[in-house]
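Below is one structure, written out as structure tokens; comments come after it.
The values are calculated or read from the model by the stated rules, or taken from the named source; none is laboratory data. Model, not experiment: these values are computed from the prediction. Virtual Cβ from ideal backbone geometry, glycine too; neighbours counted across all protein chains shown. Each accessible area value is taken on the protein alone, full model and side chains, heavy atoms only, with ligands, DNA and RNA left out. Shrake-Rupley method; radii C 1.70, N 1.55, O 1.52, S 1.80 Å.
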Amino acid sequence: MISVEGLTVEFSSKPLFSNANFVVNDRDRVALVGKNGAGKSTLLKLICGIMQPTSGCVSMPNGTTVGYLPQVMQLQDDTTVRQDTRKAFASHISLKKKLVALEKEMQTREDYESSDYLQLVENYSQMHDQYMILGGDNFEAEIERTLIGLGFKNTDFDRPTKEFSGGWRMRIELAKILLQHPDVLLLDEPTNHLDIESIQWLEQFIMQSSSTVILVSHDRAFINNITNRTIEISCCNIVDYKVKYDEYVKLREERREQQLRAYENQQKEIADIKEFIDKFRYKPTKAVQVQSRIKQLEKIVPIEVDEIDRSTMHLKFPPCLRSGDYPLICKDLKKNYGQHNVFSDVNLTIKRGEKVAFVGKNGEGKSTLVKCIMGEIPFEGYLKVGHNVQIGYFAQNQAQLLDGNITVFDTIDNVAKGEIRTRINDILGAFMFGGESSEKYVRVLSGGERSRLAMIRLLLEPVNLLILDEPTNHLDMVSKDVLKEALKAFDGTVIVVSHDREFLDGLVSKVYEFGGGKVKEHIGGIYDFLRHHQFDFQNEQAQQISGKNKNNQGNDKLQHEQKSNLGKQNYLEHKELQKKISKLEKLIKQTEISIEENENRISEIDNLFFKPENASNLDLVNEYSSIKDKINNLVSDWEELNEELDNIKN
């Protein structure tokens, strides 16, 4: 499907990766991994043709369709949600217009017997078959199912896109790409703007899709559930592991240990050779051996050891004052924006040392409640922050709030106090801002680098209540693991707003679910909550879809049956499938004819054996045995062909 040969990319003479070679086959599900800045997004852009390599090439079969979702894209605000999503079916709608035009022409003409009219009917028939293979008029229902799966409500479909946040508009772009059913799906951080329910829906969609998928994601649960292969970019090289991410982590550690052993052995060999050269360099009797060792040293190719980000974030929260027994109490809390009720009757009590999660769809009030706690916005009802509570707050847009016109060092120096100022360089080094990186201006940092820098600011003062709003956005998986371990060891209270299941698993012991203007308490971890919540979520989706289409149930059922058979195949795929079916049916028919002919010959030989003169005819005996073997082989072939035909049809 995708062939990458000799791919090299250089920026300012510095290679991002060099001489990369790998092949992605049909229906492969590939996770691209590597530290921030390794070149994952660049590789996706090379595959879809947005960027050109320094050397090498990326090739795909002619006619291959590619759907690409970048991290950042230009969005339009001149249509409604439904109209914008409908653009995914531009060719489909164009075909419908052509059909309508042909229908009108057929109605107005009366030369029914002419060759032109017969050709017109033939063209209409072929075009209509193509249209029905693509799903007929069912594309509107498919649009609605996809939008609902990604978290939109029926009432959102006819709202202008400009009323939605950037995250929701990215969901519209994702819906358009998914609805096109491309041969190759390239996704760069698709879960960044999705809630847990939408992420799970997307997982199911991709697993049922026939597309080849290459994705970049820092959501470990997401890539483990979807991918069957991991391609790592490390040390300017690309290494292909034919396993899921969790298995890749183990294999990578084994690979690195082997590299370390080989590297140590090579260094010992180099040291021994140098020692011999230095010892006998000026002895004439050893001149030949010395020259031989020098040549041997020149031929040694240095062994590279894969870089590993053990120093990404070594977090240790400083000691702090003990807070009261109940750092946060809310009673009958309510928040409205004009006529819109965000939530009401919120009653919750968080005890000292508890670690809890706020989960729910985007826009249901999680960040709003956090802002109420921080005193940033007014509210109705009772909210009390406990005695001696010192809050550390990591806002969702914390990284964007940094001053881009100062350096990394100055960003920390401006907020550091007392003796901590003497250890700024050590702290920056622990966050991969060591050496010259500390002199970079904030405006040139990537999203992940800004998030790490914002996290450092949070750690500079002792706190006993941490409120983290989407802290893992733009952090790589190694960084998230270290942050998670630090939070688990933190002896204060933690409130985490997050959609990252793997990050929350084992960290929180209570989940507060936001939805429908209410906040519900669930005791247990995130997966306990999801198991309980899954049934309700599926019912909610079914109700939205049935409520929208209750007057078209019969028509939808027929269209759904058409869609289940052919909806995920484009016209060319279907034609290719029909060719395979026809070929198999022809081979089966030929095999049946051959079996029948040979069985007739067996009957003839049986009759000949009844004659006394043929009782010991060796030629007939040999022919009989040969035909019997041939029939057995033909029957075996016939069974295999029928099994293959059944598999294709199913």
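In degrees, nearest 10, range 0 to 90: what is the angle between the Cα axis of helix 90-108 and the longest Cα principal axis of the chain? Once rounded, one gets 40 degrees. Packing around the peptides 597-608, 201-212, taken as the average count of other Cβ atoms within 10 Å per residue, puts them in this order, highest first: 201-212, 597-608. Peptides 375-381, 489-495, ordered by how many other C-beta atoms sit within 10 Å of their residues on average, highest first, read 489-495, 375-381. The residues of the stretch 46-101 present an accessible area of 57 Å² per residue when probed at 1.4 Å with all protein chains retained. Backbone geometry of the stretch 390-397 corresponds, through the Karplus equation with coefficients 6.51, -1.76 and 1.60 at θ = phi - 60°, to 3J(HN,Hα) couplings of 10, 9, x, 10, 10, 6, 4, 9 Hz, x marking Gly and Pro.
For Y68, what residues show an amide H to amide H distance below 5 Å, using hydrogens built from the backbone and excluding near sequence neighbours? Excluding prolines and chain starts, which carry no amide H, the hits are L186. Think of a 1.4 Å ball rolled over the protein heavy atoms: the stretch 193-273 then has 42 Å² of accessible area per residue. For the chain, the longest principal axis of the alpha carbon atoms and the long axis of helix 115-133 meet at an angle near 50°. Once the Cβ-Cβ distance of S210 and E304 is raised to the sixth power relative to R0 = 35 Å, the FRET efficiency obtained is 0.35. Using a Förster radius of 22 Å, what is the FRET efficiency between H532 and K488 based on their Cβ-Cβ separation? Nearest 0.05, please. So, using R0 = 22 Å, E works out to roughly 0.40. Ranking of L634, L260 by solvent-accessible surface, largest first: L260, L634 (1.4 Å probe, protein heavy atoms only, all chains present). The simple Förster model, with R0 at 30 Å and r as the Cβ-Cβ distance, assigns E257 and N647 a FRET efficiency of 0.10. With 28 Å as the limit, the listed pairs K176/K580; K250/K480; K40/K250 have K176/K580 beyond it between alpha carbons. Backbone phi angles across the stretch 51-56, fed through the Karplus curve with coefficients 6.51, -1.76 and 1.60 (θ = phi - 60°), yield HN-Hα couplings of 10, 10, x, 5, 7, x Hz in residue order; Gly and Pro are listed as x. In this simple spin-label model, placing a label point 7 Å from the Cα along the Cα-to-Cβ direction at both V23 and T285 gives a separation of 5.9 nm.
Within a straight-line Cα-Cα reach of under 26 Å, K586 can be paired with the following lysines, leaving aside sequence neighbours fewer than 8 residues apart in one chain: K575, K628, K630, K649.
Across the stretch 187-193, computed HN-Hα scalar couplings (Karplus, 6.51 cos²θ - 1.76 cosθ + 1.60, θ = phi - 60°) run 10, 10, 6, x, 8, 4, 10 Hz from first to last residue, x flagging Gly and Pro. A 1.4 Å probe over all protein chains sorts V635, V288 by accessible area into V288, V635, starting with the largest. Of M207, N405, G515, which is farthest on the positive side of the dipole of the chain, counting Cα position, with +1 on Lys and Arg Cβ, -1 on Asp and Glu Cβ, and the Cα centre as origin? With unit charges placed on the Cβ atoms, the residue in question is N405.
Between 0 and 90 degrees, the angle of helix 287-299 with respect to the longest Cα principal axis of the chain falls at about 80 degrees. In the assembled protein chains, V478 presents an accessible area of approximately 60 Å² (probe radius 1.4 Å).
Amide hydrogen proximity for V243: with H placed 1.01 Å from N in the peptide plane, the residues at 5 or more positions away or on another chain lying under 5 Å are T230. In this Cβ point-charge picture (+1 for Lys and Arg, -1 for Asp and Glu), the chain has a dipole of about 2880 debye about its Cα centre.
Rolling a 1.4 Å probe over the protein heavy atoms leaves K361 with an accessible area of roughly 30 Å².
Inter-label distance, N237 to E623: 6.7 nm, where each label sits 7 Å from its Cα along the C-beta direction.
Straightening the chain between H387 and K520 buys 45.3 nm, computed as 0.36 nm per residue apart minus the Cα-Cα spacing.
Cα gyration tensor of the chain, axes a ≥ b ≥ c as square roots of the eigenvalues: rounded (a/c below 1.5), prolate (a/b > b/c) or oblate? Since a/c reaches 1.5 but b/c is at least a/b, the shape of the chain is classed as oblate. Solvent-accessible area of the chain (1.4 angstrom probe, protein heavy atoms only): carbon and sulfur portion equals 48 percent.
Take every Cα pair under 8 Å whose residues are at least 6 apart in sequence, average their separation, divide by the length of the chain, and the relative contact order is 14 percent. Counting only heavy atoms of the protein chains and using a 1.4 Å probe, K586 has close to 130 Å² of accessible surface. Heavy-atom accessible area, probed at 1.4 angstrom with all protein chains present, ranks R82, R159, R109, R501 as R159, R109, R82, R501, highest first. By the rule of a C-alpha distance below 19 Å, with chain neighbours fewer than 8 residues away ignored, the aspartates and glutamates paired with K331 are D345, E354, E364, E376, E380, E513, E521.
Each residue, F409 and L587, gets one label point 7 Å from its Cα in the Cβ direction; the gap between the two is 7.1 nm.
For K279, the lysines whose Cα falls under 30 Å of its own Cα, not counting residues fewer than eight places away in the same chain, are K268, K295, K299. Rounded, prolate or oblate: pick one for the stretch 136-295, where a ≥ b ≥ c are the square roots of the eigenvalues of its C-alpha gyration tensor, a/c under 1.5 means rounded, and failing that, prolate if a/b is larger than b/c, else oblate. In terms of gyration-tensor shape, prolate. Taking amide H positions as modeled 1.01 Å from N, with prolines and chain starts lacking one, the residues under 5 Å from G360 and 5 or more places away or on another chain are I196, F514.
Accessible surface calculations at 1.4 Å, restricted to protein heavy atoms, place the stretch 319-406 at 51 Å² per residue.
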